[in-house]
1. Show me, bin by bin at 10 Å from 0, the whole-percent P(r) of the stretch 139-196 based on Cα pairs.
2. What translational diffusion coefficient, in µm²/s and rounded to a whole number, does the Stokes-Einstein relation yield for the chain at 37 °C and a viscosity of 0.692 mPa s, taking the hydrodynamic radius as the Kirkwood radius over Cα pairs?
3. So if R0 is 30 Å, what FRET efficiency would residue 150 and residue 209 give, r being the distance between their Cβ atoms, rounded to the nearest 0.05?
4. Based on other C-beta atoms within 10 Å, arrange 156, 163 from fewest to most.
5. Count charges around residue 225 for me, please; just the other residues with Cβ under 15 Å from its Cβ, Lys/Arg as +1, Asp/Glu as -1.
6. Run the helix sum for the chain: -39,500 (n - 2.57) per DSSP H stretch of 4+ residues, divided by residue count, reported at 222 nm to the nearest 500 deg cm²/dmol.
7. Would you look at the GNM of the chain, springs on alpha carbons closer than 10 Å, and say which of 179, 133, 118 moves the most?
8. Between residue 169 and residue 23, what length comes free when the chain is fully extended (0.36 nm per residue of separation minus the Cα-Cα distance, one decimal in nm)?
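Each value in this text was obtained by applying a stated rule to the coordinates, not by laboratory testing. Owing to the predicted nature of the structure, the values given are computational and were not obtained by experimental measurement. Heads up, the Cβs are rebuilt from the backbone with ideal geometry, glycines too, and the neighbour counts pull from every protein chain shown.
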Amino acid sequence: MATYDIFAPFYDAVQGDRAEEITYLGSLIERHHPRATTVLELACGTGSVMEELEPRYELTGVDLSERMLELAAQKLPRARLLQADMARLDLGETFDVVLCVYDSINHLLSFEQWEAVFDRARDHLNDRGLFVFDVNTERRLALLNERPAWAHWFGDGNLLVMDVTASGDGTSVWGVRVFENLGRSGYRLHSEEIHEVSFPLERIKASLSERYRRVWAYDAQRARPTSRSERLHFVCRK
Ligand SMILES: C[S@@+](CC[C@H](N)C(=O)[O-])C[C@H]1O[C@@H](n2cnc3c(N)ncnc32)[C@H](O)[C@@H]1O
């Protein structure tokens, strides 16, 4: 069973309204590639980003989790959705934009795998196409590791308990527990562990610069990325 197969049915309700961040993502594409028409999303999950982009672009989505893809298919009956590992993808075709967002790349636990995604994205781009992805920074993962477990109610009386802890090998382990409200029968517990890792900004930029002709880094919360940035977006032109 792939990671996210257990969490999948609750994912959208837990994430809530993401319109603001998806608008921001759309603005990056618009600014750097206003004539783009085709988009490949790596790690598309339940298709929330694709759903917002659908009126404007022809979309293909790839994810490892069958259950996340099933939910995406319900939202996006016209999109092409494929189950695959983004670090090994070879569709034999190219797109104007390749996306990989909502810290999906952090789920790959070695820098070699990140670089495999940088390569796979470049090989799926048209000339001067864009690879756009975001990361949780090392700082954000360190802050989450220190934070006590937190809980919040969502949906129809379900409870999410989240506990992020540092493991000895440098990864952050997101302990996700959902207590599903079954009404009079009580609650059913669904548990999953999601692992994330991050790397220094300069290392990411250096690696991208070897593969792409231009690389921009953005912090949606600041004028420019700093050591205090918690999430960064990278825009890379092939
Ligand atoms: C935090 S979710 C983000 C989903 C989606 N991008 C969004 O914005 O909602 C991370 C996603 O990455 C997927 N994923 C993790 N490792 C992957 C891999 N090696 N190849 C493809 N998808 C992967 C998971 O199945 C999950 O759907």
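1. Result returned by the calculation: 23, 44, 23, 9, 1.
2. 177 µm²/s
3. On the way: r = 37 Å, r/R0 = 1.25.
It comes out at approximately 0.20.
4. Ranking 156, 163 by Cβ neighbours within 10 Å, fewest first, gives 156, 163.
5. It works out to a net charge of +3.
6. Computed ellipticity for the chain at 222 nm equals -9000 deg cm²/dmol.
7. Result: 179 has the largest fluctuation of those listed.
8. Values: separation 146, 0.36 × 146 = 52.56 nm, distance 3.55 nm.
Here the segment from residue 169 to residue 23 would lengthen by 49.0 nm.
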